[in-house]
Amino acid sequence: MRSNSPKILIYSHDSFGLGHLRRCRAIAHSLVGSFDDLSVLILSGSPIIGSFEFRSRVDFVRIPGVIKLRDGEYTPLSLHLNIDHTLAIRSSIIEHTAKVFDPDIFIVDKEPLGLRGEVVPTLEALKDTDTRLVLGLRDVMDDPEILRNEWERKNVYPALQSLYDEIWVYGPEGICNPVEGIDLPEGIEEKLRYTGYLRRSLPEGAETVLKPSPFGEEPYILVTPGGGGDGVEMVDWVMRAYEARKHPLFPALIILGPFMPAASVAQFVDRAEHLRDVEIIRFTPQIEPYLANATAIVGMGGYNTFCEILSFDKPTLMVPRIVPRREQAIRAARAESSGLLSVLPIDAYPDPDLMTEALVALPNAPRPSAAGVENLLGGLELIEERVGEIFEENRPGQSAQKLVNF
């Protein structure tokens, strides 16, 4: 029997990187901060989910991890099982958790069918219940032709038509459209709801966890490749500019990310020891204080880094990747054309002169807020509003208690 307190279940396949996990965590924290009797449970395969702190009434279920190989196939992260066996275990855990938890809303992050279809049995089991089924999409998924071929190959469209009730796009309408160039079957486009980007803020007690800047009171540029797994070229390019020393530069604080290859980490740490104005942090689950104190930011263009750049309103240089997906490059190009930041194409790597010129100009570049884009960071507020409406629709007169002055 469903409890009287509202519940939300969020699925995040998280085979690699930080993006899905951090997006789901931001949504969960916002919602429990807005509804004082809400519980949120996150299903995740992230191997580092336990490194993050979660607010009261937010918890997670860790499903067996998998990683994607260079040939595009998946393999178990730790278990000595074949991938089909591992996926069967994951799918069973997801479905059983959903049935017992009995959520008011089930949010699936990015992958409509889950990893190799693992979430489909859960969607089918919940479809005839009172649970609202929601697909959450980034502002950019990939090049339209690639995404169209991928969704056709995976047979995604029937699920979008018959299983999902709503599709939330985590960005403002007008900058990016994740299904641009795709001829969607009838009825799917009507389910789209644009929320705006998801605002990030300093965590509670952030001042107690922020270590003193390695540069004292001197302003610094923060360099972040996100999870770091595909950020070696960007970090190397920045360090080449500091090693060349052709112009005075603000000091650089580089946070490498937990998934950067160990050999690359060792090389960067060794190189930084010979540079008086470059410091390296291996990884921190709370990057927000460093973002807030930075003068400017250099990032790759992933969704979460982009939300942080906008939230802390820092002059930004994006160096987006172009493989295996063009997602970052598309987002960066749209953001630059909207006046939000500047872009240095990775095709120009490793020219130190170009990076130096960009770093010299960066601290004096306009902040994103100067672009005047409407509903840029309203995502969490619109999600809260819609969630409240769903609770009221599901339980007239028994909706979740919304906190006052949130």
request  = Putting +1 on Lys and Arg Cβ atoms and -1 on Asp and Glu Cβ atoms, find which of Tyr197, Val32, Ile49 reaches farthest to the positive end of the dipole of the chain.
outcome  = Ile49
message = Could you tell me how far the Cα centroid of region 103-140 sits from the Cα centroid of region 210-278, in Å?
response = 39
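Roughly how many percent of the accessible protein surface of region 316-361 is carbon and sulfur, given a 1.4 Å probe and a whole-percent answer?
57
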GluC sites (Glu not before Pro) lying in DSSP loop within region 247-328, provided at most 13 other Cβ fall within 10 Å = Glu273
request  = Over region 103-161, average the accessible area per residue using a 1.4 Å probe and give it in Å², no decimals.
outcome  = 35
query = Under a point-charge model restricted to the Cβ atoms of Lys and Arg (+1) and Asp and Glu (-1), what is the dipole moment magnitude of the chain relative to its Cα centre, in debye to the nearest 20?
reply = 720
ask   = Given that compact globular proteins tend to follow 2.2 N^0.38 Å, what is the ratio of the alpha-carbon Rg of region 204-324 to that value?
value = 1.00
Low-density loop cleavage sites - GluC sites (Glu not before Pro) in region 216-265, where at most 14 other Cβ are within 10 Å (DSSP) = Glu217
remark   = Checking Leu81, Leu382, Leu344 against a Gaussian network model of the chain (alpha-carbon springs below 10 Å), the top fluctuating residue turns out to be Leu81
query = Any idea what diffusion coefficient the chain gets from Stokes-Einstein, in µm²/s, Kirkwood Rh on alpha carbon pairs, 20 °C, 1.002 mPa s?
reply = 97
ask   = Hey, got a sec? Which trypsin sites (Lys or Arg not before Pro) in region 33-122 land in a DSSP loop and have at most 16 other Cβ atoms within 10 Å?
value = Arg55, Arg70
task = Would you mind telling me which residue in Pro185, Pro368, Pro76 has the biggest mean-square fluctuation in a Gaussian network model of the chain, where springs connect alpha carbons within a distance under 10 angstrom?
result = Pro185
request  = Restricting to the chain, compute how many DSSP beta bridges are antiparallel as a %, nearest 5.
outcome  = 10
task = Please work out how many pairs of lysine residues in the chain are eight or more positions apart (or on different chains) and have Cα atoms closer than 16 angstrom.
result = 6
remark   = Dipole check, the chain, charges on Cβ (K,R +1; D,E -1), about Cα centroid: among Leu21, Leu310, Gly136 the Cα furthest to the positive pole belongs to Leu21
query = Counting pairs of alpha carbon atoms under 8 Å apart in space and at least six apart in sequence, what relative contact order in percent does region 328-396 give?
reply = 32
remark   = So Lys127 and Ser51, fully extended at 0.36 nm per residue minus their Cα-Cα distance, gain in nm 24.0 nm
key: Alpha-carbon centroid distance for the pair region 283-354 / region 154-190, whole angstrom   = 26
inquiry  = Relative contact order for the chain: what percent, with Cα pairs under 8 Å and sequence separation of 6 or more?
reply    = 17
inquiry  = If the elastic network links every pair of Cα atoms under 10 Å, which of Arg325, Arg276, Arg367 fluctuates the most in the Gaussian network model of the chain?
reply    = Arg276
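The values are calculated or read from the model by the stated rules, or taken from the named source; none is laboratory data. Fair warning: this is a prediction, and the values are worked out from it, not measured in the lab. Heads up, the Cβs are rebuilt from the backbone with ideal geometry, glycines too, and the neighbour counts pull from every protein chain shown. Just the protein is used for accessible areas: all its heavy atoms, side chains included, with ligands, DNA and RNA removed. Shrake-Rupley method; radii C 1.70, N 1.55, O 1.52, S 1.80 Å.
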